[in-house]
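Written out below as structure tokens is the structure these notes cover.
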Amino acid sequence: MDILSGVNAEWLKNLTWIVAVAAGLLLGLWRLRRPDLAVLGAVLVFAVANTGAGIYVLLHLSDPRWGGDAHGRLTAPTLGGTPVVGQYLRPLDGLLSGLANGVNQFNDAQAALPAATGFFASAGWAFALAVPLCILSLVVGFFVARRREAEFARVRQQVGELSAEVAELKKSLGTQTG
């Protein structure tokens, strides 16, 4: 069952954008404090969706959605029904129909290749954009980790101070009761 059978090339392109925006919004809502990760995730989802769309087009070459029906489909004439010499020409029927099918497949591939190439090019640009976004996310993550480490050091210092105060209180309470 092909769930994308009713989707033409333009809608398939729009579908990749819709999926990427939806993923970006969901990631943004999930990680409110890290919008850089949401943007990176949306770009990577866009790249993967475009790669999937390009593969889908290549797997469905004979589909008329990609423009393969612009060329007329070739059909081989049957030579076996020719009077007098038809029985001698029957072996050529298979050869001619195979040749016509080969030309039709070539026309389908020729029509679908620009659509698939467009999807693969979009995926390539998205992967190229993901590299600086990944570096940006690493830098932001470094500063976030540094801030958390400093905060943890402050908490550890406060715990040390509070432990010293509790020990001092125990000592003072121990001397007062004894």
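Data overview
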| quantity | calculated |
| --- | --- |
| Residue within the stretch 149-159 that is part of a helix (DSSP H, G or I), out of contact with any Gly (no Cβ under 7 Å at 6 or more places or on another chain) and acidic (Asp, Glu) present | yes |
| Residue that is open to solvent by less than 70 Å² (accessible area, probe 1.4 Å), of a type in the set (S, T, N, Q) and under 14 Å from the mean Cα position of the chain (by Cα), where the choices are THR51, THR82 | THR51 |
| Condition check for ASP69: acidic (Asp, Glu), under 28 Å from VAL48 (Cβ atoms) and at pLDDT below 90 | no |
| Extreme residue, nearest to the chain's Cα centre (by Cα), among residues of the stretch 94-127 that are more than 13 Å from ASP63 (Cα to Cα) and crowded, with 20+ Cβ neighbours inside 10 Å | ALA123 |
| Tabulated pairs, the stretch 103-118, first more than 17 Å from ALA76 (Cα to Cα), second at pLDDT 85 or above and assigned to a helix (DSSP H, G or I), C-beta under 6 angstrom, 6+ apart or interchain | ALA112/VAL57; ALA115/VAL57; ALA116/GLY54; ALA116/VAL57; ALA116/LEU58 |
| Matching residues, the stretch 61-119, being in a helix (DSSP H, G or I) and either in contact with a Phe, Trp or Tyr (Cβ under 6 Å, 6 or more places away or on another chain) or of a type in the set (Lys, Arg) (or both) | ARG65, ARG90, ALA111, ALA112, ALA115 |
| Among the candidates TRP66, TRP30, residue that is surrounded by 17 or more Cβ atoms within 10 Å (Cβ to Cβ) and among the aromatic types (Phe, Trp, Tyr) | TRP66 |
| LEU129 vs. criteria out of contact with any Lys or Arg (no Cβ under 7 Å at 6 or more places or on another chain), in a helix (DSSP H, G or I) and closer than 20 Å to ARG31 by Cβ | yes |
| Residue match in the stretch 5-18 (condition: under 30 Å from PHE142 (Cβ atoms), touching a residue at least 24 places away in the same chain (Cβ under 8 Å) and not charged (D, E, K, R)) | no |
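The values are calculated or read from the model by the stated rules, or taken from the named source; none is laboratory data. Everything quoted here is computed from the prediction, not taken from an experiment. Note that each Cβ is placed from the backbone with ideal geometry, even for glycine, and that neighbours are counted across all protein chains shown. Surface areas here come from the heavy atoms of the whole protein model, side chains and all, with no ligands, DNA or RNA. Shrake-Rupley method; radii C 1.70, N 1.55, O 1.52, S 1.80 Å.
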